[in-house]
């Protein structure tokens, strides 16, 4: 596929593109208006419509409970694997297979590891040996200080993957100013000789055709990596690139687990590798609303990793350098370059592309700013940026409904993906207010035609919501298992607050889910495009 065909349009859009930009907002607003309209015309019709929506919520809640427990157990199991040992087995797969096939020792391998060894041994020289694999880690930064960046770099240094095959790239913004420049130079001096190479890549400001965001920085750094790899003559087909935000702390086993999956999958160049993003780095320091959002988002990612058919790139992810070079790295025209990378890759490879879940986490920060109210605002800014992913509805829809001869992939292969994308953004917008207030609408809107159904609807909805809360209860219980150890500066009462905080869930759902989604969709409807990546401030609280 031509690289130009991958790009998001700038300036005036076609009528078809504008139609799909407007579509999510129209449906979301329409779903709310329809409840009021049906209830005004006939409270029974309004009640039936509401009951259908609430019942769907109940089904999803049961699924949430099941997937949360399942996902947590799978992640826990993945973290017990000795991925370094697995990698070593792949150096001589035939010998390792003969040694392990009849072994009862399962301390570091699953049955599928033995099967992988058998398959790779049969492949001969058609797979990359572990000693030839290199990792490139690109960490983007804007104006963060050493207190934020150093722990993230240390986490990469402390992985079980050999540092002499890690190329670390600090991709920082020119617009970060002199302070960012000084920080970058200090870090280069500190980590010189730690990795195979510590590259500083400064992304220039005001490049034509670029939005102000993370994507252009990543793409610029990717091209610098391309030049470096060519200069030192490294095998581009054996290099995996991981993008990190400045506050991301990868688990020590992450790079080895990605390398293992890369080696054992024949279609490795058309895969990306998606870790579980867990927002718990500073969870004990964050105020209650941010904690609820952070844990909720963590469990959304845990659940998603158990649903391979819906998983897409989010935040940090890994992808082969050869594939990235072919598609000109990441988009320079969207503030949601992570999720958009899924669609960009899918279309570039004409549908032959998959996101492979990596059940080893990368830990991220919950939102914290200088004051409580600044944190509340910063949290909203972060989630509205995420939900601007609704902009991909037009990007996908125009390709789905293109003329048959212009389609990049078959209609019925792409349609389910498009539908899940559209449905996901609509659900984000309408679910919380409908669950919270929908039960009263039929009775309020038609006072002259009160019926038994209308009178009892709030009670019926309440019962359904109570049953649906099982998903929340399960998530709360599991959340205590993923929390890091409570810092010594906090008393045991802080743990009780971690439980009480969940009474905020209805409020946070409406503000940080529904309103944020409506905000993003309204901007798209009006053509007021979000083309500036609002960086979430990183505030580090010292342990005392």
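Taking the conditions (1) touching a strand residue (DSSP E or B) at 6+ places or on another chain (Cβ under 8 Å); (2) in the same structural domain as residue 71 (by TED's automatic domain parsing); (3) over 24 Å from residue 9 (Cβ atoms) in turn, residue 295 satisfies each one other than (1). Residue 491 fulfils the conditions (1) surrounded by 15 or more Cβ atoms within 10 Å (Cβ to Cβ); (2) more than 23 Å from the chain's Cα centre (by Cα); (3) at pLDDT 75 or above except for a single criterion, (1). In the range 157-176 there is no residue that is in contact with a helix residue (DSSP H, G or I) (Cβ under 6 Å, 6 or more places away or on another chain) and modelled with pLDDT under 95. Looking at 529, 455, can you tell me which residue is at pLDDT 85 or above and either in a loop (DSSP other than H, G, I, E, B) or at negative phi (or both)? Among 529, 455, only 529 is at pLDDT 85 or above and either in a loop (DSSP other than H, G, I, E, B) or at negative phi (or both). Got at least one residue in the range 404-416 being assigned to a helix (DSSP H, G or I), buried (at least 16 other Cβ atoms within 10 Å of the Cβ) and in contact (Cβ under 8 Å) with a residue 24 or more places away in the chain? Yes. Among all residues of the range 5-17, there is at least one that is within 18 Å of residue 520 (Cα to Cα), part of a helix (DSSP H, G or I) and at pLDDT 95 or above. Given the condition within 15 Å of residue 172 (Cβ to Cβ), under 18 Å from the mean Cα position of the chain (by Cα), at pLDDT 95 or above and crowded, with 20+ Cβ neighbours inside 10 Å, answer yes or no: does some residue in the range 233-243 qualify? Checking the range 233-243: at least one residue is within 15 Å of residue 172 (Cβ to Cβ), under 18 Å from the mean Cα position of the chain (by Cα), at pLDDT 95 or above and crowded, with 20+ Cβ neighbours inside 10 Å.
Scanning the range 222-253 for residues that are closer than 19 Å to residue 91 by Cα and part of a helix (DSSP H, G or I) yields 237, 238. Among the residues of the range 317-339, those that are under 11 Å from the mean Cα position of the chain (by Cα) and buried (at least 21 other Cβ atoms within 10 Å of the Cβ) comprise 317, 336, 337, 338.
Residues satisfying the criterion are absent from the range 284-297 (criterion: on the phi > 0 side of the Ramachandran plot, touching a residue at least 24 places away in the same chain (Cβ under 8 Å) and not in a helix (DSSP H, G or I)). Tell me, please, whether a residue that is in contact (Cβ under 8 Å) with a residue 40 or more places away in the chain and either part of a helix (DSSP H, G or I) or surrounded by 15 or more Cβ atoms within 10 Å (Cβ to Cβ) (or both) can be found in the range 94-113. The answer is no, given that none of the residues of the range 94-113 is in contact (Cβ under 8 Å) with a residue 40 or more places away in the chain and either part of a helix (DSSP H, G or I) or surrounded by 15 or more Cβ atoms within 10 Å (Cβ to Cβ) (or both). Residue 30 falls short on exactly one of the conditions (1) in contact (Cβ under 8 Å) with a residue 40 or more places away in the chain; (2) more than 30 Å from residue 302 (Cα to Cα), and that condition is (1).
Entry remark, the range 202-218: residues being surrounded by fewer than 21 Cβ atoms within 10 Å (Cβ to Cβ) and either closer than 22 Å to residue 362 by Cβ or modelled with pLDDT of 95 or more (or both) number 2 in total. Restricting attention to the range 160-186, the residues that are surrounded by fewer than 21 Cβ atoms within 10 Å (Cβ to Cβ), assigned to a loop (DSSP other than H, G, I, E, B) and touching a strand residue (DSSP E or B) at 6+ places or on another chain (Cβ under 7 Å) total 0. None of 193, 215, 209 is touching a residue at least 40 places away in the same chain (Cβ under 8 Å), outside any helix (DSSP H, G or I) and farther than 17 Å from residue 250 by Cα except 209.
A quick yes/no check of all residues on (1) surrounded by fewer than 21 Cβ atoms within 10 Å (Cβ to Cβ); (2) out of contact with any helix residue (DSSP H, G or I) (no Cβ under 7 Å at 6 or more places or on another chain); (3) under 30 Å from residue 116 (Cβ atoms):
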{"site": "40", "(1), (2), (3)": "yes, no, no"}
{"site": "48", "(1), (2), (3)": "yes, yes, no"}
{"site": "52", "(1), (2), (3)": "yes, yes, no"}
{"site": "66", "(1), (2), (3)": "yes, yes, yes"}
{"site": "74", "(1), (2), (3)": "yes, yes, yes"}
{"site": "77", "(1), (2), (3)": "yes, yes, yes"}
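Residues in the range 384-403 that are in contact with a helix residue (DSSP H, G or I) (Cβ under 9 Å, 6 or more places away or on another chain) and free of Cβ contacts under 8 Å to residues at least 24 places away in the same chain: 400, 402.
Per-residue answers, yes or no, for (1) assigned by TED's automatic domain parsing to the domain that holds residue 138; (2) out of contact with any strand residue (DSSP E or B) (no Cβ under 6 Å at 6 or more places or on another chain); (3) under 24 Å from residue 322 (Cα atoms):
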{"residue": "188", "(1), (2), (3)": "yes, no, no"}
{"residue": "207", "(1), (2), (3)": "yes, yes, no"}
{"residue": "214", "(1), (2), (3)": "yes, no, yes"}
{"residue": "229", "(1), (2), (3)": "yes, yes, yes"}
{"residue": "236", "(1), (2), (3)": "yes, yes, yes"}
{"residue": "241", "(1), (2), (3)": "yes, no, yes"}
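The values are calculated or read from the model by the stated rules, or taken from the named source; none is laboratory data. A quick note: this is a predicted structure, and the numbers were derived from the prediction, not measured. All Cβ positions, even for glycine, are placed from backbone atoms using ideal geometry, and neighbour counts span all protein chains on display.
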